[in-house]
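A short worksheet on the structure shown next.
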Amino acid sequence: MRAQPHTAALAGLAVVLTALLAGAQPAADASRPARPQPATKAQPSASPQPMAADTFRSARTYPEVAAPVRLRIPALAVDSPLQRLGRQADGTIAVPKSPDIAGWYERGPRPGQAGPSVILGHVDSRDGPGIFLNLARLPRGAVVKVDRADGSTIAFRVTKVSRVAKTSFPTDLVYAPTLEPTLRLVTCGGSFDETRGSYRDNVIAFAAPA
């Protein structure tokens, strides 16, 4: 059975469209000379996929610093275990429970880590003197030693001792980050406010690694 002319034409057009969609060139007309085809550029090879961030592991390691357990200040005859201190409900740092024991603010850097390690102690109590009774008299250059849980010890030297009003406490100087390990010893000082039941000032000793 012979195909109808219009049917044959549709079939031929379908073959050409299929070839074009597939990326092939239609057959050349034998009556026309073939045109030279431009050379195709080689496609660059696919670049490797970047490594997922969660699989990255740094080759550099940092030594771990053990938690502090004891404070020693030979110039003041201070030798005290360290209580760990957190924060109170109002956001301020808690104070040691006993006037005879100093406390380390555990949410800050550990002594030996970059940044300011803060240790607090009472100047006195109703029952007698506190562990930091003579902190205001600590001379510049005095050595402060902190023993750590792994048996190591780090030594600091006092660079200055300041007395400031509690209403003007230098938060940035005491708690601001530092690139090197530093130590801050804090207690009360100045005159006693009978109405409020507390001292009006703070005494702060600043120390750097010895």
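The values are calculated or read from the model by the stated rules, or taken from the named source; none is laboratory data. Just so we're clear, the structure is a prediction, and the values are computed from it rather than from any experiment. Methodologically, a virtual Cβ is constructed for each residue, glycine included, from the backbone with ideal geometry; neighbour enumeration extends over all protein chains shown.
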Please go through the range 168-183 and give me each residue that is touching a residue at least 24 places away in the same chain (Cβ under 8 Å) and not aliphatic (A, V, I, L, M), ordered by number.
Phe169, Pro170, Tyr175, Pro177, Thr178, Glu180, Pro181, Thr182
Residue that is surrounded by the most Cβ atoms within 10 Å (Cβ to Cβ) [pool: residues in the range 195-210 that are farther than 23 Å from Val146 by Cα and modelled with pLDDT of 90 or more]
Asp201
Find the residue count for the range 174-194, including only residues that are at pLDDT below 95, surrounded by 11 or more Cβ atoms within 10 Å (Cβ to Cβ), out of contact with any helix residue (DSSP H, G or I) (no Cβ under 9 Å at 6 or more places or on another chain) and closer than 23 Å to Leu133 by Cβ.
3
Result of the Cβ filter at 6 Å on the range 98-117, keeping first residues that are on the phi > 0 side of the Ramachandran plot and partners that are among the aliphatic types (A, V, I, L, M) and at pLDDT 95 or above, at least 6 apart or interchain, is Gly112/Ile154
Please go through the range 94-104 and give me each residue that is under 20 Å from Leu183 (Cβ atoms), part of a loop (DSSP other than H, G, I, E, B) and among the small types (Gly, Ala, Ser), ordered by number.
Ala94
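Residue check: is Gly91 touching a Ser or Thr at 6+ places or on another chain (Cβ under 9 Å), at pLDDT below 95 and either assigned to a loop (DSSP other than H, G, I, E, B) or surrounded by fewer than 20 Cβ atoms within 10 Å (Cβ to Cβ) (or both)?
no
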For the range 117-136, give me each residue that is modelled with pLDDT under 95 and assigned to a loop (DSSP other than H, G, I, E, B).
Arg126, Asp127
Residues of the range 62-81 being of a type in the set (A, V, I, L, M) and in contact (Cβ under 8 Å) with a residue 60 or more places away in the chain, which ones?
Val65, Ala66, Ala67, Val69, Leu71, Ile73, Ala75, Leu76
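If the requirement is being closer than 24 Å to Gln83 by Cβ and of a type in the set (Asp, Glu), which of these qualifies: Asp193, Asp124, Asp172?
Asp124
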